[in-house]
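For reference, the structure is listed below as structure tokens.
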Amino acid sequence: MRSERMLAGIIGGTGKMGRFFASVFAAAGWDVIVSGPETPLSNREVAERADAVMVAVPIRRTIEVIGEVAPVLTEEQILCDITSLKVEPVRAMLATKAAVVGLHPMFGPGAESLRNQTIIVTPARCGGAALDRLLGVFREQGAVLTFATPEEHDRMMAVIQGLTHFATLCAADTIRRTGVDVEESLAFTSPIYRIQMGLIGRLLAQDADLYGDMLRENPAVPEVLAAFEDAVKHLRTIVEAGDPAAFREFFAKNTDHYASYGKTATEETDDLIRYMVTR
């Protein structure tokens, strides 16, 4: 590191997540410079000056941007990204001279702070005091850090993001295809249905390209979706056959798999239901 007062450079710092992390570094006492489509500083100028360089651009542009700034990076700098994929971005960052750590914040730019927010950390070529100083920015503001390899991260994201977003989009499309009016359905709702509809509406109110990139760019997603398709076909066969014993067996297998989470899941969703009923 090159100075006592640290300098963070956010490439993509005019976007929503870039602005969020610019505020995080500023709150930690770092100086911050950013680049974006209309900023005075270019991506390379930010990369030349900063102690820690964060790439905060869309998934589909991340590797291109890393390649753009790679020639000006040195061993004294840390390079990180905040995309929701890690294998390919980390591989691209390792082609530079900088220390490398992949980051994935498991929240959106609407978060009020880092308190109790999870950030996944994949320290590919970074350790010691340099890594501690960078991660200290997040820890001191309340973030929960989960460590993984890039490969572990992408496999888990194929389920946590790929499967859940895919299933949510399929539910949305099914409701559209059946001609059910969304507003009318809410008059018939239970609190749980309202929460589920809220998740659909929340996803559809956001950037289509973000979710498209998560599904298309993660090579671990197709295997998960194949398992999902098999599960749908299997359950449909049971339902259409009207076989209560087969349904109980299907249900019991999944109950066993989720046994350690059942109590917590019930308590957490009970809190959500109470909020939906009393708000």
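The values are calculated or read from the model by the stated rules, or taken from the named source; none is laboratory data. Remember, it's a predicted structure, so these values are computed and weren't measured experimentally. Glycine gets a Cβ as well: all are built from the backbone with ideal geometry, and neighbour counts include every protein chain shown. All accessible areas refer to the heavy atoms of the entire protein, side chains included, with ligands and DNA or RNA removed. Shrake-Rupley method; radii C 1.70, N 1.55, O 1.52, S 1.80 Å.
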Original post:
Between ASN116 and ARG274, what is the spin-label point distance in nm, taking each point 7 Å from the Cα along the Cα→C-beta axis?
Top reply: 1.3
Original post:
Between region 54-88 and region 91-106, what is the C-alpha centre distance in whole Å?
Top reply: 6
**OP:** Rounded to the nearest 10 degrees, what's the angle between the helix 128-139 long axis and the longest principal axis of the chain, both from Cα atoms, 0 to 90?
**Re:** 50
Subject >> Degrees separating the helix 164-177 axis from the principal Cα axis of the chain, which is the longest one >> reply: 50
Original post:
Setting aside same-chain residues fewer than 8 positions from LYS263, which lysines have a Cα under 30 Å from its Cα?
Top reply: LYS233, LYS253
Original post:
How large is ³J(HN,Hα) for each residue in region 52-58, as worked out from phi by the Karplus curve 6.51 cos²θ - 1.76 cosθ + 1.60 (θ = phi - 60°), to whole Hz, x for Gly and Pro?
Top reply: 10, 10, 10, 8, 10, 10, x
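Restricting the count to DSSP beta bridges whose residues both fall in the chain, what percent are antiparallel, rounded to a multiple of 5?
So the antiparallel bridges amount to about 20 percent of the total.
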Subject >> Relative contact order %, the chain, counting alpha carbon pairs below 8 Å whose residues are six or more apart >> reply: 12
Original post:
Using a cut-off of 25 Å between alpha-carbon atoms, which lysines can reach LYS86, once sequence neighbours fewer than 8 places away in the same chain are excluded?
Top reply: LYS16, LYS97
**OP:** Quick one: which residues, 5+ away or cross-chain, put their amide H under 5 Å from the amide H of THR146? H built at 1.01 Å from N.
**Re:** ILE119, ILE120, VAL121
**OP:** Taking all protein chains together and a probe of 1.4 Å, list HIS104, HIS257 from the most accessible to the least accessible.
**Re:** HIS257, HIS104
**OP:** Compute the acute angle (0 to 90°) between the alpha-carbon long axis of helix 59-69 and the principal axis of greatest extent of the alpha-carbon atoms of the chain; round to the nearest 10°.
**Re:** 10
Original post:
What FRET efficiency do you get for LEU145 and ALA26 if R0 is 25 Å and r is their Cβ-Cβ distance, rounded to the nearest 0.05?
Top reply: 0.80
Original post:
In deg cm²/dmol and to the nearest 500, what is the mean residue ellipticity at 222 nm of the chain if only DSSP H runs of at least 4 residues count, each as -39500 (n - 2.57), divided by the residue total?
Top reply: -17000 deg cm²/dmol
